Amino acid sequence: MMKNRYLICLPTYNEAANIVDFLEQLELSIELFGNENSGIEIDILNIDDNSPDGTANLARNCATGNFHQIVREKKEGLGPAYLAGFSWGLDRGYDFFIEMDADGSHHPDELPLLISQSESFDLVIGTRWMQGGSVHNWPLHRRLISKLGTTYAAKALKLPFKDLTSGFRIIDRELIQYLLDLGITSKGYGFQIEMVLRARQIGAAITQVPITFTERTKGRSKMTSKIAWEAFLGISRWSLTQRLHSIYRR
């Protein structure tokens, strides 16, 4: 019996405070889910940007047989880390790619919900801002920034999705190959928005499922004003390009 092979891609930078606990929770969820679903295989790939706090060593020391790791030379951002992980996985024949954060904000026990939709859709987006989704431990201003940001992106790019910056999602192999061939250049959270935009442009099948997002309790968030500005500029540029293409097609 052929198994569908899933690769969980975990980009990390200075996550020493979280990585061990998260990997233990993730391995437990994989073991429980795998015992119930013999038709799938789930591996983990940590893509570490040479964290000075020793994240990669801690991850390696608690690794099991389904764990793999890439240690890159320097910090280059979320997008390049994911692209490196996707390339690694494509070369090794994985069928589906799972994006997750390693800071504990994404719950491993919600993996089965996303996986259950992955064979019917090219892209499954774990969504905070929909019925059944929730956010824990975020102050009001963080909620407003996130909701306003994804609302602006959705309206500007004409995308009917409620959480375009979500980092908990599953992408199938064919879409990953297309995105790599296309050459996505966004480095921060704009990378997640650009992925959805490009997938939508080629008519990929996309769905949303509710998730619970819990703000990290250890370590520091990677969100900065520079990352937010890059995303805003990217959205504005992509929106303008769409409008110009629409005008030229008339």
Exercise. List, please: which pairs have Cβ atoms under 7 Å, are six or more places apart or on different chains, and start with a residue in the range 50-67 that is in contact (Cβ under 8 Å) with a residue 40 or more places away in the chain and under 12 Å from A16 (Cα atoms) and end with one that is of a type in the set (G, A, S) and assigned to a loop (DSSP other than H, G, I, E, B)?
Worked result: T55/A16; L58/A16
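State the number of residues belonging to the range 27-62 that are among the aliphatic types (A, V, I, L, M) and surrounded by fewer than 22 Cβ atoms within 10 Å (Cβ to Cβ). Talk me through it step by step, then tell me what you get.
As a first pass, look at the range 27-62 and keep what is among the aliphatic types (A, V, I, L, M): 28, 30, 32, 40, 42, 44-45, 47, 56, 58-59.
Filter once more, keeping what is surrounded by fewer than 22 Cβ atoms within 10 Å (Cβ to Cβ): 28, 30, 32, 40, 58.
The total comes to 5.
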For this session: Output the number of residues of the range 182-192 satisfying the condition of being over 17 Å from L123 (Cα atoms) and either without any contact (Cβ under 8 Å) to a residue 12 or more places away in the chain or in contact with a Lys or Arg (Cβ under 7 Å, 6 or more places away or on another chain) (or both).
Result: 1
Problem set entry | Residues (in contact with a strand residue (DSSP E or B) (Cβ under 6 Å, 6 or more places away or on another chain) and surrounded by fewer than 23 Cβ atoms within 10 Å (Cβ to Cβ)) located in the range 74-84 | A84
Problem set entry | Of all residues in the range 180-196 being surrounded by 22 or more Cβ atoms within 10 Å (Cβ to Cβ) and aliphatic (A, V, I, L, M), the one that is farthest from K155 (Cα to Cα) | M195
Problem set entry | Pair list, Cβ under 6 Å, 6 or more apart: the range 222-243 residue under 27 Å from A102 (Cβ atoms), other residue modelled with pLDDT of 70 or more and in a helix (DSSP H, G or I) | E230/G190; A231/G190; G234/G190; I235/A153; I235/A156
Exercise. Within the range 185-208, restricting attention to residues that are among the β-branched types (V, I, T) and more than 14 Å from the chain's Cα centre (by Cα), which residue is farthest from G234 (Cα to Cα)?
Worked result: T207
Exercise. What single numbered condition from (1) farther than 17 Å from I115 by Cβ; (2) in contact with a His (Cβ under 7 Å, 6 or more places away or on another chain) fails to hold for L45?
Worked result: (1)
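The values are calculated or read from the model by the stated rules, or taken from the named source; none is laboratory data. These figures come from a predicted structure and were not determined experimentally. Ideal geometry is used to build each Cβ from the backbone, glycine not excepted, and the neighbour counts take in all protein chains shown.
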